[in-house]
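Read through the structure below, which is laid out as structure tokens, and then see the notes.
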Amino acid sequence: QRLKAAVHYTVGCLVQDVAEDKEMQFSKQTIAAISEITFRQCENFAKDLEMFARHAKRSTVTTEDVKLLARRSNSLLKYITQKSEELASSNMEQKEKKKKKSSAAKGGRTSGEQEAAVTESEDSNMA
């Protein structure tokens, strides 16, 4: 129920923006109908995504499943593909940074880092 209420509220805000932009009004029944359709469509999307993953013998929905779901809307598919690529490149950069940090921590410490490590080990010995 809370999720349904959140969808209704969000749809109401969006409809209000459109109404102001187009200088028109929407009845409460219209907003409620749009909210209900939106909620049901999201339920259908969730079921489809689950089925796509299950068909691929996976228990996790992937970006490929989402792209498959969006295949009928070229603009949406393009947007999702672009965001997916941005996320993938961002994740690769973070992994590279972690590798550099871990390799530096293993053996390539600077003198300041070595002093901090020695001081830290001395403090733990005194405790």
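Things worth noting here:
- At the residue level, PHE26 shows approximately 70 square angstrom of accessible surface with a 1.4 angstrom probe and all protein chains present.
- Here the calculated FRET efficiency for VAL7 and ALA56, from their Cβ-Cβ distance with R0 = 35 Å, stands at 0.80, rounded to the nearest 0.05.
- Value of Rg/Rh across the range 1-46 [Cα atoms, Kirkwood radius]: 1.02
- Nearest-0.05 FRET efficiency for LYS101 and LYS78, computed from C-beta distance (R0 41 Å): 0.70
- Distance between the 7 Å Cα→Cβ label points at MET92 and THR38: 3.6 nm.
- Heavy atoms of LEU14 accessible to a 1.4 Å probe, total area in Å² rounded to 10: 100
- Relative compactness, the range 35-87, computed as alpha-carbon Rg over 2.2 N^0.38 Å: 1.19
The values are calculated or read from the model by the stated rules, or taken from the named source; none is laboratory data. Note that this is a predicted model, so its numbers are computed, not measured. Cβ: placed from backbone, ideal geometry, glycine included. Neighbour counts: every protein chain shown. Areas reflect the complete protein model, heavy atoms only, side chains present, ligands, DNA and RNA absent. Shrake-Rupley method; radii C 1.70, N 1.55, O 1.52, S 1.80 Å.
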